[in-house]
Amino acid sequence: MKPLNKTVTEIKESIFSTMTKMANEYKAINLSQGFPDFDGPKWAIDLMKCALDQGETGKNQYAPSMGLLDLREAISENYRKFYSLDYSAQTEILVTNGATEALFSTSLALLNPGDEVIVLEPFYDSYKAAIELAGGVVVPVTLKALNFKFDRAELEAAVTAKTKLLFLNNPHNPSGKMFDREELMFVAELASAHDFYVISDEVYEHLIFTKPHIPFATLPGMRERTITISSTGKTFGFTGWKIGWASSTPEIIKAIHSVHQFNVFCVHHPTQVAMAHALRRLESYRDELKVEYSQKRDLLLTGLRQRGFKVIEPDGAYFILAQLEDGENDVEKCKELIVSAKVATIPVSAFYLKSNEGQKLIRFCFAKKNETLLSALKHLE
Ligand SMILES: Cc1ncc(COP(=O)(O)O)c(C=O)c1O
């Protein structure tokens, strides 16, 4: 038989699936996967039920391929309200099947075979697959632990005439870092000087604890070369509902839509109805979210510190990194924690391609019920 697609056959099982399987096998408390073990707000579930009952207005049939206009308007209103960013609901926002589809469709829309894409490692694992399946070449640049700053000279040296795109993730998974204006300005100046696009993955934009989020598209000259990607999964705690979007110029959105229309065509219609309403409640809900997740963050930070872990305080997202002792290795440590303490975490080396800095770090997710966090801490004593 002729071989299957070479890039596809080289894709390995994601570390999240591996650790979850092991966690299940050992009946460990799963602080590895990045999603809540509790439901989002009850009112959002009611909105969803109500949306499912709107069948006679066609809400259970195909949605418009670009996304429900009401949802695109709600997304547009929030960009204006929170960040003074203007995106036309008609032409500059595409609703996708979670941020994952937006990352994938954008890569296919922008890249030609051989185009280089700078990715700041540690990075979310879907980036590499999206880039390589689109024929692009991943060029990793390391964010240096423990403050996860990039070395300016190293980043500049990674840019070549073939650089088409840079992937930025802010707030950042797995470190919880939020890039400051100076760092973002440096990337923006490089993008202008060398004419490349920036995908700014901002799925954790509303999970922030210490400082305001700066969308990359708000930096001078960046709106026209940025594809801002976000989703409601993390914000409302319903990661299974998979509503995401890409926002950019009409030309770029048209190109991403060309991929989207022949890949998924449209996104689950009733969920779009519910999320349009939910996004209009985001301003008040954001405060509740911050209180709830700040408590979880502090509970796990304090507990881990008391148990001798050297933790890195996150500014955003819902992860805490812990530094290992000299001589320890992340994969071995994660296995040991599952087997002996029955707590599953993620070895951070899985987020790197170039550097071995990840071997000294493990990631805990605190998007869990307080009782889950307390049980995990008890196990770790
Ligand atoms: C950095 C980052 N981007 C994108 C995603 C995927 O988002 P979605 O569930 O909306 O597809 C995740 C999920 O964990 C993530 O951590």
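The values are calculated or read from the model by the stated rules, or taken from the named source; none is laboratory data. In this text, all values refer to a predicted model and were calculated from it rather than measured experimentally. For neighbour counting, all protein chains shown are included, and Cβ atoms are generated from backbone atoms with ideal geometry for every residue, glycine included. Keep in mind that these areas ignore ligands, DNA and RNA; they rest on the heavy atoms of the full protein, side chains included. Shrake-Rupley method; radii C 1.70, N 1.55, O 1.52, S 1.80 Å.
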What number goes with the only condition from (1) more than 14 Å from Gly67 (Cβ to Cβ); (2) out of contact with any Pro (no Cβ under 6 Å at 6 or more places or on another chain) that Val264 does not pass? (1)
Just one of (1) under 26 Å from Thr232 (Cα atoms); (2) within 16 Å of the ligand (Cβ to nearest atom) trips up Val138, so point out which. (1)
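Which ones in the range 302-339 are aliphatic (A, V, I, L, M) and in a helix (DSSP H, G or I)? If you could, list the steps in order and put the result at the bottom.
Within the range 302-339, the subset aliphatic (A, V, I, L, M) is 304, 311-312, 317, 320-322, 324, 331, 337-339.
Matches in the range 302-339: Leu304, Val331, Leu337, Ile338, Val339.
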Filter pass, Thr249 being in contact with an Asp or Glu (Cβ under 6 Å, 6 or more places away or on another chain) and either within 15 Å of the ligand (Cβ to nearest atom) or open to solvent by 40 Å² or more (accessible area, probe 1.4 Å) (or both): no
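Suppose we filter Lys296, Lys290 for residues that are among the charged types (D, E, K, R) and surrounded by 19 or more Cβ atoms within 10 Å (Cβ to Cβ); which single one remains? Spell out how you get there, then give the answer.
On the way: Lys290 fails: surrounded by 19 or more Cβ atoms within 10 Å (Cβ to Cβ).
After ruling out the rest, the residue left standing is Lys296.
Tell me which residues, restricted to the range 267-284, are open to solvent by less than 50 Å² (accessible area, probe 1.4 Å) and within 16 Å of the ligand (Cβ to nearest atom). Can you show your working first?
The first filter runs over the range 267-284 and keeps only residues open to solvent by less than 50 Å² (accessible area, probe 1.4 Å), leaving 267, 269-276, 278-279, 282.
If the condition is that a residue be open to solvent by less than 50 Å² (accessible area, probe 1.4 Å) and within 16 Å of the ligand (Cβ to nearest atom), then Val267, Thr271, Gln272, Ala274, Met275, Ala278, Leu279, Leu282 are the ones that fit.
I'd like to check something: does the range 19-29 contain any residue that is open to solvent by less than 50 Å² (accessible area, probe 1.4 Å), modelled with pLDDT of 95 or more, within 15 Å of the ligand (Cβ to nearest atom) and assigned to a helix (DSSP H, G or I)? Before the answer, list the steps.
Of all residues in the range 19-29, those open to solvent by less than 50 Å² (accessible area, probe 1.4 Å) come to 19-20, 22-23, 28-29.
Okay, now just the ones that are also modelled with pLDDT of 95 or more, so 28-29.
Those left that are additionally within 15 Å of the ligand (Cβ to nearest atom): none.
No - not one qualifying residue is present in the range 19-29.
Have a look at Leu85, Leu110, Leu120, Leu94 and point out the one that is aliphatic (A, V, I, L, M), out of contact with any helix residue (DSSP H, G or I) (no Cβ under 6 Å at 6 or more places or on another chain) and more than 12 Å from the ligand (Cβ to nearest atom). Please lay out each step first, then the result.
Values: Leu85 fails: out of contact with any helix residue (DSSP H, G or I) (no Cβ under 6 Å at 6 or more places or on another chain); Leu120 fails: more than 12 Å from the ligand (Cβ to nearest atom); Leu94 fails: out of contact with any helix residue (DSSP H, G or I) (no Cβ under 6 Å at 6 or more places or on another chain).
The match here is Leu110.
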What's the number of the condition Arg225 fails, among (1) crowded, with 19+ Cβ neighbours inside 10 Å; (2) of a type outside the set (Ser, Thr, Tyr); (3) within 16 Å of the ligand (Cβ to nearest atom)? (3)
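Picking from Gly233, Gly176, which residue would you name as being closer than 17 Å to Leu71 by Cα and within 16 Å of the ligand (Cβ to nearest atom)? Can you show your working first?
Details: Gly176 fails: closer than 17 Å to Leu71 by Cα.
Step by step, each of Gly233, Gly176 is checked, and only Gly233 is closer than 17 Å to Leu71 by Cα and within 16 Å of the ligand (Cβ to nearest atom).
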Ile362 being open to solvent by less than 40 Å² (accessible area, probe 1.4 Å) and closer than 15 Å to Ser175 by Cα: yes
Within the range 147-173, residues being in contact (Cβ under 8 Å) with a residue 40 or more places away in the chain and part of a loop (DSSP other than H, G, I, E, B) number 7
Name the residue that is nearest to Ile45 (Cα to Cα), counting only residues in the range 208-222 that are within 16 Å of the ligand (Cβ to nearest atom) and either modelled with pLDDT under 95 or surrounded by fewer than 22 Cβ atoms within 10 Å (Cβ to Cβ) (or both). Ile208
